[in-house]
Amino acid sequence: VEIQNKLIVKGGGSNSIHLDGCSVDTIEVSKDTSDESAETPRIDLINTPVETIEAEEPVIIEADESSAVSKVEAKNDVTIQGENTVVENINVSEDAKEGGAKLNVDGAKVETVSAEKPVEIEATNNAAAIEKVEAKSDVTLKGDSAKVEKIEVPESATSEPVIDVQNGSVGTVEANKAVEVKSTNNGNGKGNGKVSSINANAGVKADSGAVD
């Protein structure tokens, strides 16, 4: 099935939207889930590569090895799950909801997260691999199985981001603009997260308990 232009998802639940052998460039998820009883839709991709998924509202994304997702525009909370699921880029843009977005990564692989607004990344159940986070805003990492190879703070960051590695591990923080690096327990006390190294090209305020 070839879907021209855009597929708009305004309904469905955790087991109702399956795309098998389809051709689609863009999927927009705009189901209103403000009601507590509303179920978050899950997009299940089988042999269906997708260029862009626009998460106007919360969404769960799962894909097989033949269904890479090039980009997710995370204007709301997003769950990426499944050991075969690969997302090249998740962009939390200035258009994201107030307070930023939550990314739940369960066993999947994410190549890059671009954070223009605050983002909370949590690994649940299974190990989550994220190659790089570009932190133009605050980044919080949760979940013992969370692993980020590199967090880069670019010169273009408009503020001094705070990187809170509450759990899990970060290989390197590359600071090209002033940044604070710490490890808390949900914002209070000391967390269990660790940063292996910091490459400081700008001012860095680092919690000694967060850095090996």
Original post:
Can you list the GluC sites (Glu not before Pro) in segment 142-212 that are in a DSSP coil and have 13 or fewer other beta carbons within 10 angstrom?
Top reply: 155
**OP:** Using θ = phi - 60° and the Karplus relation 6.51 cos²θ - 1.76 cosθ + 1.60, list the HN-Hα couplings for segment 23-33 in order, rounded to whole Hz, with x at every Gly or Pro.
**Re:** 10, 8, 7, 10, 10, 9, 9, 9, 6, 6, 10
Subject >> Volume per residue that the Cα convex hull of the chain spans, once the total is divided by residue count, Å³ >> reply: 113 Å³
Subject >> At R0 = 41 Å, FRET efficiency that the Cβ-Cβ distance of residue 20 and residue 158 yields, to 0.05 >> reply: 0.45
Subject >> For segment 10-67: relative contact order, % (alpha-carbon pairs under 8 angstrom, 6 or more apart) >> reply: 40 percent
Original post:
Roughly speaking, what is the stretch gain from residue 36 to residue 192, that is 0.36 nm per residue apart minus the C-alpha to C-alpha distance, in nm to one decimal?
Top reply: 53.0 nm
Subject >> Positive dipole terminus of segment 124-209, leading residue within 183, 172, 137 (C-beta point charges) >> reply: 183
Subject >> segment 38-123, accessible surface, carbon-and-sulfur percent (1.4 angstrom probe) >> reply: 35 percent
**OP:** Name the residues whose placed amide hydrogens come within less than 5 Å of the amide hydrogen of residue 53, ignoring near sequence neighbours (fewer than 5 apart) on the same chain.
**Re:** 27, 71, 72, 73
**OP:** Could you go through segment 160-170 in sequence order and give the Karplus-derived ³J(HN,Hα) for each residue, using 6.51 cos²θ - 1.76 cosθ + 1.60 with θ = phi - 60°, rounded to whole Hz, and x for Gly and Pro?
**Re:** 9, x, 10, 10, 10, 8, 5, 9, x, 9, 10
Subject >> Only Lys, Arg (+1) and Asp, Glu (-1) charged, at Cβ; the chain dipole about Cα centre in debye >> reply: 680 debye
Subject >> HN-Hα J in Hz across segment 140-148 - Karplus 6.51, -1.76, 1.60, θ = phi - 60°, x for Gly and Pro >> reply: 10, 10, 10, x, 4, 8, 6, 9, 10
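The values are calculated or read from the model by the stated rules, or taken from the named source; none is laboratory data. Keep in mind it's a predicted model, so treat the numbers as computed, not measured. Quick reminder, even Gly has a Cβ in these numbers, built from the backbone with ideal geometry, and neighbours come from all protein chains shown. Ligands, DNA and RNA are excluded from the accessible area calculation, which covers all protein heavy atoms including side chains. Shrake-Rupley method; radii C 1.70, N 1.55, O 1.52, S 1.80 Å.
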